[in-house]
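The values are calculated or read from the model by the stated rules, or taken from the named source; none is laboratory data. Not measured: the values here are computed from a predicted model. Neighbour counts run over all protein chains shown; Cβ positions are idealised from the backbone, glycine included. All accessible areas refer to the heavy atoms of the entire protein, side chains included, with ligands and DNA or RNA removed. Shrake-Rupley method; radii C 1.70, N 1.55, O 1.52, S 1.80 Å.
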Amino acid sequence: MADSGLSSGPVWRVLALVGVAILCLLLAPFLGPVPLYPSDVFQSLTGANPATTIFWQMRVPRVMLGLLAGAGLSLAGAAFQGLFRNALATPYTLGIANGAAFGAVLCIRLNLQFNVLGLPGISLFSLIGASLSVILVYGITVRSADFSGLTMLLAGVAISLFFSSLILFVQYLTDFSQSFEAIRWLMGGLEVLGYGDIAAAAPFVAVGGGVLLFLRRELDLVSVGDDFAASRGVAVRNTRMLLFVAASLMVGGVVAVTGPIGFVGLMVPHICRLLVGPRHGVLLPVCALFGGAFLVACDCVARTIIAPAELPVGVLTALLGGPFFLWLLLRASRHGRLLGMGEARW
Amino acid sequence: MIEGFVDIRDLEVRLGGTVLLEGVTCAVPQGAFLSILGPNGAGKTTLIRAMAGLNRYQGSIRYGGTELATLHPRERARRVCYVPQQSNGAVPFRVYELLQMARYAHGGTWRGGERIPPQEIRDTLSLCQAGELEQRLFCELSGGEQQKVSLAAALVQGGDVLLLDEPGTFLDPRMEDELFAILCELRDSRAVTIFIVTHDINRALLSSSHVLLLKGGRALFSGPVGTIADGEALKELFDTDFLFVPHPETGIAMAVPRRRNG
């Protein structure tokens, strides 16, 4: 990407960011309620050392899932913010998280315990819920003559609210222990054993991320304005639909496995845009890496801060999200715009 | 009937049941400079947006014999270039980055966009008196500066039809003069066909070769500029009286408003 129009400042920032992210990903598996040391993990490659088992069966999958989820949510957040030219857009704005959560809560209520191809039933149900919300938003949008993103945005918000009331309805019907299980799922977390969940979520993130990267120039143009993009030759409506479906499937795949981890998809794109600018050819890869490392770092803190108990990482990111948002607001009121998002538009 | 290079026939644009344009017909040869004049709400912007492929329409809009609706957006963008009246205020890009995107439609489908030599971007910005704006954020520019940059982006994009929606609104007299000089130069050297929406009757009379008078979504008159100079058409168009005085240099009749006493 030598022709990406980056001046030397951002190049250094990108390199520094990549360095920090890789360092963070390498260190993370050794941190936790029980710190592991490389000497313990790599000493006995033959014997069943407990440290080796913890490292390969718990820590490494967890870091990989964190990387995958953080990357997917951040990519989708960046795409939605560009697509709707709105600083408040998140991967969950269009109701995907609530659709997924409805599926999960329903599965808990029905007390279904099954596995399909190594994927637990609750993940499958939430994936179906997420797809349902995507289909509904898509169906409403293609029926409207509106070329702007407004119909899609409003349809998404309406579907989101509809699913959240369905969640409340199902929650009311559940007993106490099911209710707790549902709330725990809704907090979002990265607890995994082995690599099955990662194998389930990875194709969604890979395909979705690939489509977004492929459409980086279209995303640049649409983030300037629909008329601007259309008069430069972008088939705005089709592009918007493709971006929406790609980003949504990515979010659906992640949320099905981790639950709705909040605020990562809102915060990371803003921070990255501030550091490397709004060109999606650079912004998207940086978002993926930084988002992944950010979620992994948050998870490290979450699982050590109240050791031996573990805090769900979704609780920590939500705690960070509030102050971050206030900082964003204060900054916007001083600069008249939101972190490189142009004029503040609400 | 002779088919023009730009040939609009029985154009109709509806928006949610409201008819915005009806039965508009107009044809001009290549290299024409057509001014669209009309009172507020006459459908001027609707017409130019339809011509840019941004409004759905019935009837026909042909460029060099090709129907606009059959063109892929990329093909359209290689031929037709549109400069909106006012740009989106939320643009997060720097001026230079914005111009880099201008040739998205050129080059192969899979490569997506032709790389534009930096010198060409700088030269075009200088031509539009916007050279010093290169590294500024688009959203922080004044209205006039944004119009200069939009014009520069259009020039970089290229194409043989240029559609401008009130490009002079926020420009100072010097830049407005410069704008029309640039447009005339484009028409003369590259045979670019220009459609411009304007409120400036005298500019239209002085610079354009053709005019289209729009009122209430219908074309009152379309043809060579010389034929409206008698003033009757303008009176009917704006429901107001004009006086005409000859231009000191060219002798072309210029419209001036009547004096109003208390």
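Some notes on this structure:
- Extreme residue, most open to solvent (accessible area, probe 1.4 Å), among residues of region B:115-129 that are assigned to a helix (DSSP H, G or I) and in contact with a Leu (Cβ under 8 Å, 6 or more places away or on another chain): B:LEU127
Results for (1) surrounded by 15 or more Cβ atoms within 10 Å (Cβ to Cβ); (2) not small (Gly, Ala, Ser), shown as yes or no for each residue.
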position	(1), (2)
A:THR141	yes, yes
A:GLY156	yes, no
A:SER160	yes, no
A:ASP175	no, yes
A:GLN178	yes, yes
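- Of everything in region A:98-111 that is open to solvent by 10 Å² or more (accessible area, probe 1.4 Å) and within 24 Å of A:VAL245 (Cβ to Cβ), the residue that is nearest to the chain's Cα centre (by Cα) is A:ASN98.
- Matching option when the condition is assigned to a helix (DSSP H, G or I) and away from every other protein chain (no Cβ under 14 Å), among A:GLY156, A:GLY82: A:GLY156
- Members of region B:31-62 that are of a type in the set (Ser, Thr, Tyr) and more than 14 Å from every other protein chain (Cβ to nearest Cβ): B:SER35, B:SER60
- Selection of region B:55-68 for residues being of a type outside the set (S, T, N, Q) and either at pLDDT below 90 or under 18 Å from the mean Cα position of the chain (by Cα) (or both) yields B:ARG56, B:ILE61, B:ARG62, B:TYR63, B:GLY64, B:GLY65, B:LEU68.
Here's the yes/no breakdown for (1) aromatic (Phe, Trp, Tyr); (2) without any contact (Cβ under 8 Å) to a residue 40 or more places away in the chain:
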site	(1), (2)
A:GLY156	no, no
A:SER160	no, no
A:LEU166	no, no
A:THR174	no, no
A:SER179	no, yes
A:MET187	no, no
A:LEU190	no, no
A:ALA201	no, no
A:PHE204	yes, no
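- Only residues that are of a type in the set (Ser, Thr, Tyr) and farther than 25 Å from B:GLY53 by Cα were counted in region A:228-252, giving 1.
- Verdict on B:VAL28 being away from chain A (no Cβ under 14 Å) and either open to solvent by less than 50 Å² (accessible area, probe 1.4 Å) or free of Cβ contacts under 8 Å to residues at least 12 places away in the same chain (or both): yes
- A:ALA247 buried (at least 24 other Cβ atoms within 10 Å of the Cβ), at pLDDT 90 or above, assigned to a helix (DSSP H, G or I) and of a type outside the set (Val, Ile, Thr): yes
- Residue match in region A:268-281 (condition: within 27 Å of A:ILE140 (Cβ to Cβ) and either facing chain B (nearest Cβ under 8 Å) or hydrophobic (A, V, I, L, M, F, W, C) (or both)): no
- Residues in region A:1-37 that are hydrophobic (A, V, I, L, M, F, W, C), at pLDDT 85 or above and surrounded by fewer than 12 Cβ atoms within 10 Å (Cβ to Cβ): A:LEU15, A:ALA16, A:LEU23, A:LEU26.
- Residues satisfying the stated conditions in region A:169-206, i.e. assigned to a loop (DSSP other than H, G, I, E, B) and of a type outside the set (Val, Ile, Thr): A:ASP175, A:GLY188, A:GLY189, A:LEU190, A:GLU191, A:LEU193, A:GLY194, A:TYR195
- Looking only at region A:68-94, and only at residues there that are among the aromatic types (Phe, Trp, Tyr) and under 12 Å from the mean Cα position of the chain (by Cα), the one that is most open to solvent (accessible area, probe 1.4 Å): A:TYR92
- The helices (runs of 4 or more DSSP H) located wholly in region B:130-240 that include 2 or more residues which are open to solvent by 20 Å² or more (accessible area, probe 1.4 Å) and within 14 Å of chain A (Cβ to nearest Cβ) occupy B:143-157.
- The residues of region A:279-330 that are among the small types (Gly, Ala, Ser), in a helix (DSSP H, G or I) and open to solvent by 20 Å² or more (accessible area, probe 1.4 Å), listed by number, are A:ALA288, A:ALA297, A:ALA318, A:GLY322.
- When residues of region A:228-239 are limited to those that are in a helix (DSSP H, G or I) and of a type outside the set (A, V, I, L, M, F, W, C), the one most open to solvent (accessible area, probe 1.4 Å): A:ASN238
- Of residues in region A:199-227 being over 18 Å from A:ALA247 (Cα atoms) and surrounded by fewer than 24 Cβ atoms within 10 Å (Cβ to Cβ), the one nearest to the other protein chains (Cβ to nearest Cβ): A:GLY225
- Every residue from region A:250-265 that is over 15 Å from A:LEU127 (Cβ atoms) and open to solvent by 10 Å² or more (accessible area, probe 1.4 Å): A:GLY262, A:PHE263
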